[in-house]
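Chemist: Mind having a look at this structure? Questions to follow.
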2 protein chains.
Amino acid sequence: MAEKVTIATVARHARVSRQTVSNVLNSPHIVRQETRERVEQAIAALGYRANQAARQMRTGRSRLIAARIEPTRDGINGSVLDRFLHGLTETADAAGYRVLLYTATDHDREIATYDDLLGTYELDAFVLVGTTHDDPRTAWLTERGVPFVTFGRPWDALDAHPWVDVDGAAGTALATRHLLDAGHRRIAFLGWPVGSGVGDDRRAGWHDTLRAAGVDPTGLHRETEDGIAEGERLMRDLVAAGPTAVVCASDSLALGALQAVRGVHPQVSVIGFDDTPVAAAVGLTSVSQPLGEAAARCVDLLTGVLDDDQTSAPVLLQPSLALRHTA
Amino acid sequence: MAEKVTIATVARHARVSRQTVSNVLNSPHIVRQETRERVEQAIAALGYRANQAARQMRTGRSRLIAARIEPTRDGINGSVLDRFLHGLTETADAAGYRVLLYTATDHDREIATYDDLLGTYELDAFVLVGTTHDDPRTAWLTERGVPFVTFGRPWDALDAHPWVDVDGAAGTALATRHLLDAGHRRIAFLGWPVGSGVGDDRRAGWHDTLRAAGVDPTGLHRETEDGIAEGERLMRDLVAAGPTAVVCASDSLALGALQAVRGVHPQVSVIGFDDTPVAAAVGLTSVSQPLGEAAARCVDLLTGVLDDDQTSAPVLLQPSLALRHTA
DNA sequence: TTGTAGGCGTTATCAT
DNA sequence: ATGATAACGCCTACAA
């Protein structure tokens, strides 16, 4: 086991003071070039790495950001978060931050976890995935001045805090227009109960696109909790209204819808949302979110606040349509 | 923003020395009960939390363990790692550790990341998922005395280091026996090229079970890289051999097989491996790994080494069969 | 059983 | 441009 290399080791090796080494690390511009190069060589030669704990004690920053990993409910939608997490880890890494994981089963416990994480690890920031109306978590963080970004809009006040989101309405609009272009007129929608920001947004894209095309959407939508079984049940109900196609708020619902219309003639077109692996596996056409991009923008927003102390505008990303053979 | 609560604040509040507070925290038994209670009340009243950075500087331990998050290749197998990660986070949390994420595209870069993580964050341990023959990562960690556990056996020497694994051979044996019991005799196997520990293990379970039942497995297996398309291709090829059922090394392969036998009569039974969300969604019978349990045992092994300085025996978990309607 | 005195590695302040 | 000094919060001797 090699001896521990500290800033003092480097200083001795480069024949400068510890402070100069620190300056080379943190404010290179104030060090004379010749000195700086000597120090940099020593650093490389010794394989020196700044100790994060010591640095943190002085600066109060841990270069750690926290993200929550969810229980994989039906396991389909879970993959969305996972892909986001992967992108987050990569981008944060590039920006010099590491991602710390935590779990929580409800908002109260999640807030308690914030408190703990902040107290013991002095986390620099949080990335929240999914936001709800009157979200107590964002309120808590804002109140305490803790930096954070959400992947998902603050539905009550768009300027409440930095956020990144994907335009869900644009996604369902894309899907609806695709179906209209294919000649469909009776296009249904399967979504979530009114009141969830995400669900209402996705429904609006479908609704407004039909209206704009002069098609009456009345009676062609149904709402339920997310899930394959729920989707199947609602779609069976919807079939009586005679739709020739259906846009769904999630791949879970779409999968259920697919099962409900199996054997129905003429074939009912189905489009899902999220472009999950399951969609790819069964050939389900689905709205695709740029999750890697979303994660990257979250990190951008965070480093803006953390490193440059400047808050930037929210980011709304555009989804695309992954065409397969169900529509 | 509340004032920062340090050990000194607590000491003052409880009218004891800082040392006594520290003792209450780290060696409660040497503090008189009355004093201890007074200190504990002060801690609760002030909401004191030990600062991890300061503690780490003294003790050299960060209470952080690292785990890798993979790119979601075909997105199906990725879910296995995700479920494992979720379990890991929960269990580690309960044991007082946090999970730090990292990514790496190959073994060399992964080792470089170890070096970085160890140098700057002083990670306590690593959890590696998936092991290969002659794994350079485990060699590197062992060489440096870094604590780690693998989820996956060290295929070359079972006592090389602590590990947790699921008995893959038992899983395919379970699947094969289920098919035998259903009256099948021509049971095929779709797996990965010889040479991967996991793949060979899973093939062996199928092979040995057939042999034990007096059935000749010759000519009834095919090998390929993982993937739906690959599975479909190989299964088409296999159909000529007239199997009535097929056991697959993964759900991806099974999904491909399912597509290949669609329309073939009589219906060919298909069993996958990993019980991914996709399997649940399409009704694919699949071998299920106890991932949460595996994660928990990994943490057990780690805390054994980290906290009690004792190394425990490896853990081999048994899978089960999730019966659906493809077999 | 409790208190006192360092020091872990770093960076900020201030002097040179 | 560079160097000396103090301080971050905690823990581990050692002394009382």
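The values are calculated or read from the model by the stated rules, or taken from the named source; none is laboratory data. Since we're looking at a predicted model, the values are computed, not measured. Please note: Cβ atoms are built from the backbone with ideal geometry, for glycine as well, and neighbour counts cover all protein chains shown.
Chemist: Could you name every one of the strands (runs of 3 or more DSSP E) located completely within region B:255-327 that has at least 3 residues being surrounded by fewer than 20 Cβ atoms within 10 Å (Cβ to Cβ)?
Modeler: Filter on region B:255-327 gives B:315-317, B:320-322.
Chemist: Being aliphatic (A, V, I, L, M) and over 17 Å from residue A:285 (Cβ atoms) is the filter here, so list the residues in region A:229-262 that pass it.
Modeler: From region A:229-262, those aliphatic (A, V, I, L, M) are A:229, A:234-235, A:238-241, A:245-247, A:249, A:253-255, A:257-258, A:260-261; that's our starting set.
Within region A:229-262, A:229, A:234, A:238, A:239, A:240, A:241 qualify.
Chemist: Could you check, for region A:62-69, whether at least one of its residues is closer than 29 Å to residue A:136 by Cα, within 16 Å of DNA strand C (Cβ to nearest atom) and of a type in the set (Ser, Thr, Tyr)? So that I can check it myself, show each step before the final result.
Modeler: We begin by selecting, within region A:62-69, every residue closer than 29 Å to residue A:136 by Cα; these are A:62-69.
The next check asks that each one be within 16 Å of DNA strand C (Cβ to nearest atom); those that pass are A:62-64.
Okay, now just the ones that are also of a type in the set (Ser, Thr, Tyr), so A:62.
Yes.
Chemist: I'd like the full set of residues that are facing chain A (nearest Cβ under 10 Å) and away from DNA strand C (no atom under 15 Å from the Cβ), limited to region B:30-61.
Modeler: If the condition is that a residue be facing chain A (nearest Cβ under 10 Å) and away from DNA strand C (no atom under 15 Å from the Cβ), then B:47, B:48, B:49 are the ones that fit.
Chemist: Can you list residue pairs whose Cβ atoms sit under 7 Å apart, with the first residue in region B:68-79 being at the interface with another protein chain (Cβ under 7 Å from one of its Cβ atoms) and the second being assigned to a strand (DSSP E or B) and at pLDDT 65 or above? Count only pairs 6 or more apart in sequence or on different chains.
Modeler: Qualifying pairs under 7 Å: B:69/B:101.
Chemist: Would you mind stating whether residue B:270 is β-branched (Val, Ile, Thr), closer than 18 Å to residue B:324 by Cβ and away from every other protein chain (no Cβ under 14 Å)?
Modeler: Against the criterion (β-branched (Val, Ile, Thr), closer than 18 Å to residue B:324 by Cβ and away from every other protein chain (no Cβ under 14 Å)), residue B:270 does not qualify.
Chemist: Which of (1) assigned to a helix (DSSP H, G or I); (2) modelled with pLDDT of 95 or more is the odd one out, the single condition residue B:230 does not satisfy?
Modeler: The single condition residue B:230 does not satisfy is (2).
Chemist: Take the residues in region A:30-65 that are within 38 Å of the chain's Cα centre (by Cα) and among the β-branched types (Val, Ile, Thr), then tell me which one is nearest to DNA strand D (Cβ to nearest atom).
Modeler: Once the filter is applied, the top-ranked residue is A:59.
Chemist: Right, another one. Within region A:131-145, does at least one residue satisfy the condition of being among the acidic types (Asp, Glu) and outside any loop (DSSP other than H, G, I, E, B)?
Modeler: Yes, region A:131-145 contains at least one residue that is among the acidic types (Asp, Glu) and outside any loop (DSSP other than H, G, I, E, B).
Chemist: Go through region A:1-29 and give me each residue that's charged (D, E, K, R), near DNA strand D (Cβ under 8 Å from one of its atoms) and either farther than 19 Å from residue B:119 by Cα or within 14 Å of another protein chain (Cβ to nearest Cβ) (or both).
Modeler: Selection gives A:15 alone.
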